[in-house]
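What follows is calculated from the coordinates using simple rules that are stated; it is not laboratory data. Quick caveat: nothing in here was measured; it's all calculated off a predicted structure. Note that each Cβ is placed from the backbone with ideal geometry, even for glycine, and that neighbours are counted across all protein chains shown.
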Amino acid sequence: MKLSSIIVFIAILFIQTINATSFNVGVLYPINKNGNSYIGAESICVVEGLLKEYRNPKLSIKYKVYDTEQNSSTTMKSVMQMVKDKVDLVVGTTYSTTAIVASKVLSKKNIPFIVPTATNPSVTKNSKSTIRACYDDHVQGQKLAKFSIDKKRRNILVLKNLSRPFSSFLADEFLKEIHKSAPSVKTEVYELIDGDMNYQEIVEKIKKNQYDLIFTTLVASKSALLYKSINKEKLTPMILGTDSIGGRKSFFDILGKAHKGLDFFFAAQWDGKLRGPHIREFKTIFKKYCKGYDPTMMAVSAFDILKMALLTLDKLPKKRKLALINEIKKREYIGLRNKLIFTNRNTPDAPIYIKKIIKDTVLSVKSL
């Protein structure tokens, strides 16, 4: 290439850089290791990789990672800092408890907030700027109740953690659908709070009342310990869990070899199959930026929520606030997990997958 051509090329790039619109992304995930789970790390590396590889001469994108530490107080501090930092878009967080806190603050400022996996309806309730990339717990509760009825369960114990909005709402929604669709089915609720989990008491209740289904809305580690306690007593009610189970290695580490003769089904947002036109891009980014991690649902979801925003910004780089989130909702996005169609709602139509634990693996059984 001639020197004159090089100079012209550099000049064009310089002019494009000057004319580029600035755009700040807030990345909201737990930074520190959460027990045996790397939920934040595997999501953050995908988001960072996607932003580092993104090329658009009309946009100058900067980002910063903010910690949730998986608790409400840290999340609140981080979100208030985001507002001070004048972020244009927030992506994350993984759980409903922290997503609700973030959404309330960001919604008041009309800052677009895209949540990957948090299902509690309060995350998007009364918000014009928050959307999620999954179903909500109205849908999850109803469909899991119908699954239980299809399995001909007649005597159900529901475990409900009053300390967790996800658990409380989902338990209530499940019961509502059971009472509506199968009023002859017996139900009982066992209420608890964080730090007050008496597995032996639950086992004794199962022995006494002969429940044929235990619906657990507890987090994965607590549900795993429950399973282990029930199995130790050689009891065989069907256990049905929510999409908080996940089926990670840490879950099976708790279970150990306690699998025989006890059916454990749980809901999932993804069946493990990559779909759509962005598979190659995801695999390239994950290989380059996420060494040592597995391409889990959290990683795939982190990619999807940011990618659909970037695709909109490709077309409309100057859109901000409600105008940006409304444009994102208008567009059909074919993601790695499934197709997302919002039809001007904050929650898309999305399938629920039922999985079953078989020995030390998870098998997808059906979609609801």
For the charge dipole of the range 211-305, defined by +1 on Lys and Arg C-beta atoms and -1 on Asp and Glu C-beta atoms about the Cα centroid, which residue among ASN231, PHE251, ALA268 has the Cα displaced farthest towards the positive pole? PHE251
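Placing unit charges on C-beta atoms (Lys and Arg positive, Asp and Glu negative, everything else neutral), compute the dipole magnitude of the range 225-325 about its Cα centre in debye, rounded to 20. Could the numbers behind the result be given before it?
Details: 20 positive and 9 negative charges, 103 e Å.
It comes to approximately 500 debye.
How much length, in nm to one decimal, is gained on full extension between ASN71 and ASP150, taken as 0.36 nm per residue of separation minus their Cα-Cα distance? Let's see the in-between values first.
On the way: separation 79, 0.36 × 79 = 28.44 nm, distance 3.69 nm.
So the chain would gain 24.8 nm between ASN71 and ASP150.
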May I ask you to list the residues of the range 94-127 whose amide nitrogen lies under 12 Å from a point 7 Å from Cα along the Cα→beta-carbon direction of VAL83? 102-111
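If each residue's Cβ is checked for other Cβ atoms within 10 Å, how do VAL101, VAL203 rank with the fewest at the top?
Details: VAL101 21, VAL203 17.
Ranked by crowding around the Cβ, least crowded first: VAL203, VAL101.
With a cut-off of at most 13 other beta carbons within 10 Å, and DSSP calling the residue loop, which trypsin sites (Lys or Arg not before Pro) in the range 257-311 qualify? Please list them. Intermediate values should be presented prior to the final figure.
Values: sites: LYS257, LYS260, LYS273, ARG275, ARG280, LYS283, LYS287, LYS288, LYS291, LYS307; in loops: LYS257, LYS260, LYS273, ARG275, LYS291.
Here the trypsin sites (Lys or Arg not before Pro) that fit, given the DSSP loop and packing criteria, are LYS257, LYS260, LYS273, LYS291.
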Dipole magnitude of the chain about its Cα centre, charges +1 at Lys/Arg Cβ and -1 at Asp/Glu Cβ only, in debye to the nearest 20? 880 debye
If you work out semi-axes √(5λ) of the Cα gyration tensor in Å from the coordinates, which of [x] 42, 20, 18; [y] 37, 28, 15; [z] 34, 25, 21 do you get? [x]
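Sum -39500 (n - 2.57) across every DSSP H segment of at least 4 residues in the chain, then divide by the residue count to get the 222 nm mean residue ellipticity, nearest 500. Display every interim value, and only then the final one.
Values: 12 runs with 161 residues, N = 368.
Calculated mean residue ellipticity at 222 nm is -14000 deg cm²/dmol.
Specify the longest stretch of the chain that does not include any exposed loop site, a site being one of the GluC sites (Glu not before Pro) with a non-H, G, I, E, B DSSP assignment and at most 15 other Cβ atoms within 10 Å.
Details: sites that count: GLU233, GLU332.
Here the longest run is 1-232.
At 0.36 nm per residue, minus the direct Cα-Cα distance, what do LYS52 and GLU332 gain on full extension? Give it in nm, one decimal, please.
On the way: separation 280, 0.36 × 280 = 100.80 nm, distance 2.46 nm.
Using 0.36 nm per residue and subtracting the Cα-Cα distance, I get 98.3 nm.
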Which of PRO183, CYS290, ILE328 sits closest to the plus end of the dipole of the chain, meaning its Cα is farthest towards the positive end, when Lys and Arg get +1 and Asp and Glu get -1 on the C-beta? ILE328
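So if we plug the beta-carbon distance of LYS318 and ILE279 into 1/(1 + (r/R0)^6) with R0 = 51 Å, what FRET efficiency do we get, rounded to 0.05? Let's see the in-between values first.
Numbers: r = 30 Å, r/R0 = 0.59.
E(calc), rounded to 0.05, equals 0.95.
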Hey, if you put +1 on the Cβ of every Lys and Arg and -1 on every Asp and Glu Cβ in the chain, which of ILE305, TYR135, VAL115 ends up farthest toward the positive end of that dipole? ILE305
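Of THR68, THR21, how do they rank once you tally other Cβ atoms within 10 Å and put the fewest first? Intermediate results must be reported in sequence, preceding the final value.
On the way: THR68 29, THR21 15.
In increasing order of surrounding Cβ atoms, one gets THR21, THR68.
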What aspartates and glutamates sit close enough to LYS339 to cross-link, taking a C-alpha to C-alpha distance under 12 Å and skipping anything fewer than 8 places away on the same chain? ASP304, ASP349
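Taking neighbour counts of Cβ atoms within 10 Å as a proxy for exposure, in what order, fewest first, do SER168, SER43 appear?
Taking fewest neighbouring Cβ atoms as first place, the list is SER168, SER43.
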Simple Cβ-charge dipole of the range 78-153, Lys/Arg +1 and Asp/Glu -1, about Cα centre, in debye nearest 20: 240 debye
Quick one: among PRO116, PRO277, PRO30, which has the greatest mean-square fluctuation in a GNM of the chain with alpha-carbon springs under 10 angstrom? PRO277
Using only Cα atoms, locate the centre of the range 83-98 and the centre of the range 124-184, then give the distance between them in Å, rounded to an integer. 26 Å
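Beyond a 27 Å Cα-Cα separation, which of these cross-linked pairs lie in this structure: LYS151/LYS180; LYS77/LYS321; LYS104/LYS366; LYS104/LYS283; LYS62/LYS288; LYS232/LYS273?
Exceeds cut-off: LYS104/LYS366; LYS104/LYS283; LYS232/LYS273.
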